[in-house]
Amino acid sequence: MNIVNKSEIVRLGFIDIDVDKSLDIIEEINRMRKKKNAVILAHFYQDGSIQDIADFVGDSLGLSQQAAKTGADIILFAGVHFMAETAKILAPEKKVLIPDLQAGCSLADSCPPDDFAAFIKKHPGYTVISYVNTTADIKALTDIICTSTNALQIVESLPEDEKIIFAPDRNLGNYIQSVTGREMLIWDGACHVHEAFSLERILELKKQNPDAQIIAHPECEKQILIVADHIGSTTSLLNYTVRNEGKKFIVATESGILHQMQKESPDKLFIPAPPNDSTCACNDCEYMKMITLKKIYNTLKYELPEITLEQDLMDQARGSILRMLEISDRLKL
Ligand code: 13P
Ligand code: SF4
């Protein structure tokens, strides 16, 4: 058996060992997860082949809810680092694995903890709401976490005169502010994938497909949201395409979600909204796509890389996530 080199894993972020070609990789993953009582949680932005083998596929809220209640001993997170970190904070007694430690998030990176701590200090008396796309350090500075599924309800759950800091996504923050009419201090962060959509190319597609509806994630810029027929989290976009009688949709979010949309509605056409870069037809998150079946196989086999966090940090960050889960439970989200 190959010996894993732990310093090499730290350097690369993943286990770089070839899988024996005679093995059926999916059969092996199934065998190991059963034997080890492991659960595979995958975000909608993962490659279709990974979504298809996951025990649960969902959006950020659904994945946190699953992590909080799973009876498994091992959680293998097919997603990005902040998601696996959230799972570890919610289930500290479990082993949480991520197939690539370098699967990060530009939005989480746009909110450095020291700068954010100074910002909060400058604005005393504000309730801090942060999007789940943040590091554990930011969660520890936050009163209530939200996701794109529940951001609106969480803001509305606070008294109308409550002073709110909203971080880190400026597009989601501006969108929630425009819908609720609440005054919020919004951190100036963004996701590079959702800010890359080209309005011009989307409108060109709409001209070619006048019967198509434009659906968009609230992390997109205002100019895209203004032309959208429906705005929502990945789950909300998916449900909309299932329930709506329309047969064609231009989808402005990461292209992984098209896999579920096509599975749920094989008779409908889903067109990925194009980015500004004219050499590309769709928008992939390179961090999400760092996770591969081979890395999942090696991660399950060697139980590495593992998410580890200081106990104190987890204890400081947990309250803000639990508050979100309580509100979501109460509102049946
Ligand atoms: P949701 O999972 O809340 O739809 O957010 C999408 C996202 O950007 C995750 O990185
Ligand atoms: Fe982060 Fe954007 Fe990738 Fe989501 S799509 S993980 S917000 S960089």
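The values are calculated or read from the model by the stated rules, or taken from the named source; none is laboratory data. Since this is a predicted model, take the numbers as computed values, not measurements. Neighbour counts run over all protein chains shown; Cβ positions are idealised from the backbone, glycine included. Accessible surface areas use protein heavy atoms only, side chains included; no ligands, DNA or RNA. Shrake-Rupley method; radii C 1.70, N 1.55, O 1.52, S 1.80 Å.
For this structure, a couple of remarks:
- The set of residues from region 41-60 being among the small types (Gly, Ala, Ser), more than 8 Å from ligand 1 (Cβ to nearest atom) and crowded, with 24+ Cβ neighbours inside 10 Å comprises just one member, ALA42.
- Pairs meeting the criteria (first residue in region 14-36 and among the β-branched types (Val, Ile, Thr), second residue part of a loop (DSSP other than H, G, I, E, B) and at pLDDT 95 or above, beta carbons under 7 Å, at least 6 apart or on different chains) are ILE15/LEU304; ILE26/ILE53; ILE29/ILE53.
- Inclusion of ASP114 among residues that are free of Cβ contacts under 8 Å to residues at least 60 places away in the same chain, surrounded by fewer than 23 Cβ atoms within 10 Å (Cβ to Cβ) and closer than 25 Å to ILE9 by Cα is not warranted.
- Scope region 172-203; condition assigned to a loop (DSSP other than H, G, I, E, B), more than 23 Å from LYS122 (Cβ to Cβ) and within 15 Å of ligand 2 (Cβ to nearest atom); matching residues: CYS191, HIS192, VAL193, HIS194, GLU195, ALA196
- ALA140 being at pLDDT 95 or above and within 16 Å of ligand 1 (Cβ to nearest atom): no
- Scanning region 159-171 for residues that are in contact (Cβ under 8 Å) with a residue 40 or more places away in the chain, touching a strand residue (DSSP E or B) at 6+ places or on another chain (Cβ under 6 Å) and not in a loop (DSSP other than H, G, I, E, B) turns up ILE165, ALA167, ASP169.
- Among the residues of region 290-303, at least one is closer than 20 Å to GLN46 by Cβ, at pLDDT 95 or above and within 16 Å of ligand 1 (Cβ to nearest atom).
- Leading residue by the ranking (most open to solvent (accessible area, probe 1.4 Å)) among those in region 171-213 that are of a type in the set (A, V, I, L, M, F, W, C) and more than 24 Å from THR279 (Cα to Cα): VAL179
- Identity of the residue in region 270-292, away from ligand 2 (no atom under 13 Å from the Cβ) and touching a residue at least 60 places away in the same chain (Cβ under 8 Å), that ends up surrounded by the most Cβ atoms within 10 Å (Cβ to Cβ): ALA273
- Where a residue in region 182-194 is over 15 Å from LEU158 (Cα atoms) and its partner, wherever it lies, is within 15 Å of ligand 2 (Cβ to nearest atom) and among the hydroxyl-bearing types (Ser, Thr, Tyr), with Cβ under 7 Å and at least six apart: GLY189/SER110; ALA190/SER110; CYS191/SER106; HIS192/SER106; HIS194/THR253
- Candidates in region 63-76 are the residues that are in contact (Cβ under 8 Å) with a residue 40 or more places away in the chain and surrounded by 21 or more Cβ atoms within 10 Å (Cβ to Cβ); of these, the one that is farthest from ligand 2 (Cβ to nearest atom) is LEU76.
- Of LEU313, LEU304, all but one fail to be aliphatic (A, V, I, L, M), open to solvent by less than 70 Å² (accessible area, probe 1.4 Å), more than 16 Å from ligand 2 (Cβ to nearest atom) and assigned to a helix (DSSP H, G or I); the exception is LEU313.
Let's see how each residue does on (1) at pLDDT below 90; (2) in a helix (DSSP H, G or I); (3) more than 24 Å from the chain's Cα centre (by Cα); (4) over 14 Å from TYR302 (Cβ atoms):
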position	(1), (2), (3), (4)
ARG11	no, yes, yes, yes
ASP18	no, no, yes, no
LYS21	no, no, yes, yes
ILE40	no, no, no, yes
ILE50	no, yes, no, yes
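- Lone qualifier among ILE327, ILE321, ILE250 - being part of a strand (DSSP E or B), more than 15 Å from ligand 2 (Cβ to nearest atom) and either open to solvent by less than 30 Å² (accessible area, probe 1.4 Å) or over 25 Å from LYS94 (Cβ atoms) (or both): ILE250
- Unmet criterion (only one of (1) more than 16 Å from ligand 1 (Cβ to nearest atom); (2) out of contact with any strand residue (DSSP E or B) (no Cβ under 7 Å at 6 or more places or on another chain)) for LEU97: (2)
- Extreme residue, farthest from PRO210 (Cα to Cα), among residues of region 224-254 that are of a type in the set (Ser, Thr, Tyr) and without any contact (Cβ under 8 Å) to a residue 40 or more places away in the chain: TYR240
- Residue ID - surrounded by the fewest Cβ atoms within 10 Å (Cβ to Cβ), chosen from residues in region 83-104 that are among the aliphatic types (A, V, I, L, M) and within 16 Å of ligand 2 (Cβ to nearest atom): LEU101
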